[in-house]
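> I'd like to ask some things about the structure below.
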Amino acid sequence: MSEPTTKRVGRYEIGSLIGKGAVGAVYRGSDGDKIVAVKVVPKAALTPERLAALRETPLARARHPAIVTFVEMLENEKAICIVSEIAKGESLSAILKSGEKLDLRRIWEISRQVVEALEAAHGKGLFHGDLKPANVFVDREQHVGITDFGLWSILVAFVGACVLLFIMQAAGVTDRRR
């Protein structure tokens with residue numbers, strides 16, 4: 001009987017799928033006892049410019065207690081893998097969908113942590129680009145963890161160009177220099 005194959009990215013063993021987004025999938029990964037999130041983005045989904053921008057993005061500068069910590073970026077011939085600590089708790093999106101009523105004090109505490117994290121990151125020239133309830137996690141102690149910090153604008157900025165091109169075509173504009 002053959003041994004089961006284990007998928008690995010660098011030193012990380014890849015486990016179950018956590019979720020899928022517009023440009024990639026996130027898996028639970030492990031490095032010994034350390035559990036991480038591994039976002040796998042196919043290189044085919046990136047233009048050469050976006051790939052270069054992603055390689056140069058200072059994700060490690062996004063340090064704040066309410067920002068999920070970036071660990072490292074790995075690359076092979078097929079994909080870019082962005083490794084971060086795993087978000088603790090439940091997404092704000094899941095909390096809201098559950099129908100749970102949030103009291104004003106809890107809303108204030110979550111909002112305060114999000115604003116403080118954004119202020120700290122913006123002070124370092126880093127922007128989230130896709131802040132939404134699915135990217136905000138809240139643990140049992142009401143600590144916030146923001147995921148996907150700074151990736152959206154790099155990974156899918158080409159969507160804006162496609163929308164602009166569509167609008168220009170719909171308006172009958174053929175020369176983009178106008």
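The values are calculated or read from the model by the stated rules, or taken from the named source; none is laboratory data. Note that the structure is a prediction, hence the values are computed from the model and not measured. Counting neighbours? That spans all protein chains shown, and the Cβs are built from the backbone with ideal geometry, glycine included.
> Tell me which residues, restricted to the stretch 41-80, are farther than 27 Å from Glu119 by Cα and among the basic types (Lys, Arg).
Once the filter is applied, which keeps residues that are farther than 27 Å from Glu119 by Cα and among the basic types (Lys, Arg), the stretch 41-80 yields Lys43, Lys78.
> Within the stretch 1-63, considering only strands (runs of 3 or more DSSP E) that don't extend past its boundaries, which have at least 3 residues that are within 20 Å of Leu126 (Cβ to Cβ) and either modelled with pLDDT under 85 or within 15 Å of the chain's Cα centre (by Cα) (or both)?
34-42
> In the stretch 68-109, how many residues are of a type in the set (Lys, Arg), under 17 Å from His143 (Cβ atoms) and part of a helix (DSSP H, G or I)?
Matching residues across the stretch 68-109 total 2.
> Answer with yes or no whether Gly150 is surrounded by fewer than 18 Cβ atoms within 10 Å (Cβ to Cβ) and either at pLDDT 60 or above or not acidic (Asp, Glu) (or both).
It is false that Gly150 is surrounded by fewer than 18 Cβ atoms within 10 Å (Cβ to Cβ) and either at pLDDT 60 or above or not acidic (Asp, Glu) (or both).
> Among the residues of the stretch 40-49, which ones are β-branched (Val, Ile, Thr) and surrounded by 15 or more Cβ atoms within 10 Å (Cβ to Cβ)?
Within the stretch 40-49, Val40, Val41 qualify.
> While we're here: Among the numbered criteria (1) touching a residue at least 12 places away in the same chain (Cβ under 8 Å); (2) within 12 Å of Ile80 (Cα to Cα); (3) surrounded by fewer than 19 Cβ atoms within 10 Å (Cβ to Cβ), which single criterion is violated by Ala52?
That leaves (1) as the condition not met.
> Out of (1) over 26 Å from Lys39 (Cα atoms); (2) aliphatic (A, V, I, L, M); (3) at pLDDT 95 or above, the odd one out for Met168 is which?
(3)
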